[in-house]
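Q: Supplied in C-alpha cells, the structure appears directly below.
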Amino acid sequence: MKKTALITGASSGLGKEFAKIHAKKGGDLVIVARSKDKLVALKEELEKKYKVHVSVIEKDLTEPNAALDVYNFVKFSKIDVDYLINNAGFGGIGKFYERPWDKDLSMIQLNIIGLTDLTRKFLPDFVTKNSGKILNVSSTASLMAGPMQAVYFATKAYVTSFSNAISEELHDTNITVTALMPGATETDFGKTSGMDKTDLFKSTADPKKVAEDGYNAMINGDLEIISGVSFAQKIMMKAIPVTPKSVLLKQVRKMQEPNNS
C-alpha cells in the first residue's frame, strides 16, 4: 500500500530531497512551507515524474496555530499520514545579546514548538492505528553548546532529547521516532544563517546523501543517525565527552566566528 509522508520545510534543501526520495518510492505527499510557488512547482514535478499525489499546504510554521491548521487540513482532506518528517528549521549567527530577539523567538517557535506541536497532533493517530514513523531533523549541534549560535544549538539539543524520549515511550508499539543529526550541509541554511562565512561551512555535505541517510534510518526505525560529517568532525565528536567544556566551547566559538576572507 502507498505510504503518505507529510514533510515540513519541503520547498528547498533537505525537505525537497526527502520529498523526491519518497515520491520515487511511489509514496504520496503532503508538503508544507511558506513558499507556495516553490511547493506548486515541486508538486507538478513529482506528480508528472512519479505518478503520485501531492498536496500543498502554504503555511508559516512560526505562527502559533500553524500546526493545528496543518492537522485540520489533513483531516478535512481525509488524508491518512503514515510518515511525519519534521524538517523545517533555521539558525542564525551572532552573540545572543546582540541578535534581534524576534529572530531568535521565531527560531524557538519553529525549531521547538512547531515540531513538538505537529508531533503531538499526529502521534495520537499513529498510536490509534499502531503504525507510523516520525523523522525529526536535528543536528550534530545538538551534541554540544554553541557559542555564536546559542539558541540554535539549544533548540537542536531539545529536538534530539525529545525524539529519543518519545521513542522509548513508544517501545511497545509499532511506531518509531528517529532523530537525524546532519553536519554542515549544502542547503540554504548556510546563507540564511550566515554560517557560510565560517570555517565550519568551508566543506559541506551533499543534501541528497544526507536526506537518503535520514530517510533510510526512519524506515529502519533507527533511534538516531549522524550524517554529513567529515573525518575531522567525527574525531571531534568522539572527543566531546572527554574534552574539558571550556576548551570545547572555545573551539566551537572559533569555528563559528565569521571570517573576513
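Q: If you fit an axis through the alpha-carbon atoms of helix 13-24 and take the longest principal axis of the Cα set of the chain, what angle between them do you get, 0 to 90°, nearest 10?
A: Between the helix axis and the principal axis of the chain, the angle is about 30 degrees.
Q: Still on this structure, I have one more. Spelling out what I want: for every residue of segment 155-162, take phi, set θ = phi - 60°, compute 6.51 cos²θ - 1.76 cosθ + 1.60 (Karplus), and round to whole Hz; glycine and proline get x.
A: Values, residue by residue: 5, 6, 4, 4, 4, 5, 4, 4 Hz.
Q: Under 29 Å Cα-Cα from Lys250, which lysines qualify once same-chain neighbours fewer than 8 residues away are excluded?
A: By straight Cα distance, Lys250 reaches Lys95, Lys103, Lys156, Lys191, Lys197, Lys202, Lys234, Lys238.
Q: In segment 49-140, what chymotrypsin sites (Phe, Trp or Tyr not before Pro) fall in a loop by DSSP, with at most 14 other Cβ atoms inside 10 Å?
A: Phe96, Tyr97
Q: Rounded to the nearest whole Å², what accessible area per residue is found for the chain with the 1.4 Å probe?
A: In whole numbers, the chain has 50 Å² accessible per residue.
Q: Oh, and also: Can you tell me the orientation of helix 36-50 relative to the chain, as the angle in degrees between its alpha-carbon axis and the longest Cα principal axis, to the nearest 10?
A: Approximately 60 degrees, to the nearest 10.
Q: Find the centroid of the Cα atoms in segment 105-125 and in segment 231-256, then give the distance between the two in whole Å.
A: 29
Q: For segment 115-173, compute Rh as the Kirkwood radius over C-alpha pairs and then the Stokes-Einstein diffusion coefficient at 25 °C and 0.890 mPa s; write the answer in µm²/s, rounded to an integer.
A: 196
Q: If a/c stays under 1.5 just call it rounded; otherwise compare a/b with b/c (prolate if a/b is bigger, oblate if not). Do that for segment 201-244, with a ≥ b ≥ c from the square roots of the Cα gyration tensor eigenvalues.
A: Oblate shape, in that a/c is at least 1.5 and b/c is the bigger or equal ratio.
Q: Right, next: Label-point separation (nm) for Glu98 and Ser35, each offset 7 Å from Cα along Cα-to-Cβ?
A: Label-label distance for Glu98 and Ser35, simple model: 2.9 nm.
Q: Additional query: Contour minus end-to-end for Phe73 and Ile235, with contour as 0.36 nm per residue of separation and end-to-end as the Cα-Cα distance?
A: The span from Phe73 to Ile235 would gain 53.8 nm if fully extended.
Q: Counting only the backbone N, which residues of segment 69-111 are under 19 Å from the spot 7 Å out from the Cα of Ile219 toward its beta-carbon?
A: Residues passing the 19 Å test: 81-87.
Q: Cα gyration tensor of segment 11-63, axes a ≥ b ≥ c as square roots of the eigenvalues: rounded (a/c below 1.5), prolate (a/b > b/c) or oblate?
A: The shape class here is prolate.
Q: Going by alpha carbons, how many degrees (0 to 90, nearest 10) lie between the helix axis of 115-129 and the longest principal axis of the chain?
A: 40
Q: Taking a 27 Å limit on the Cα-Cα distance, which of the listed pairs Lys48/Lys129; Lys48/Lys78; Lys133/Lys208; Lys49/Lys133 fall beyond it?
A: Pairs exceeding 27 Å: Lys48/Lys129.
Q: Sort the chain into rounded, prolate or oblate with this rule: let a ≥ b ≥ c be the square roots of the eigenvalues of the Cα gyration tensor; rounded if a/c is under 1.5, and if a/c is not under 1.5, prolate when a/b is larger than b/c, oblate otherwise.
A: Prolate shape, in that a/c is at least 1.5 and a/b is the bigger ratio.
Q: Another question about this same structure. Let me test this: with uniform point scatterers at the alpha carbons of segment 36-146, what is the Debye-based log₁₀ I(q)/I(0) at q = 0.12, 0.15, 0.21, 0.23 1/Å?
A: One equal scatterer on each Cα of segment 36-146 leads to -0.54, -0.81, -1.27, -1.37.
Q: Once label points are set 7 Å from the Cα along Cα→Cβ at both Ser161 and Lys49, what is their separation, rounded to one decimal in nm?
A: Each label point is offset 7 Å from its Cα along the Cβ direction, giving 3.9 nm.
The values are calculated or read from the model by the stated rules, or taken from the named source; none is laboratory data. What you see is a predicted model, and the numbers here were worked out from it, not measured in a lab. In this analysis, Cβ positions are derived from the backbone assuming ideal geometry, glycine residues included, and neighbour counts consider all displayed protein chains. Just the protein is used for accessible areas: all its heavy atoms, side chains included, with ligands, DNA and RNA removed. Shrake-Rupley method; radii C 1.70, N 1.55, O 1.52, S 1.80 Å.
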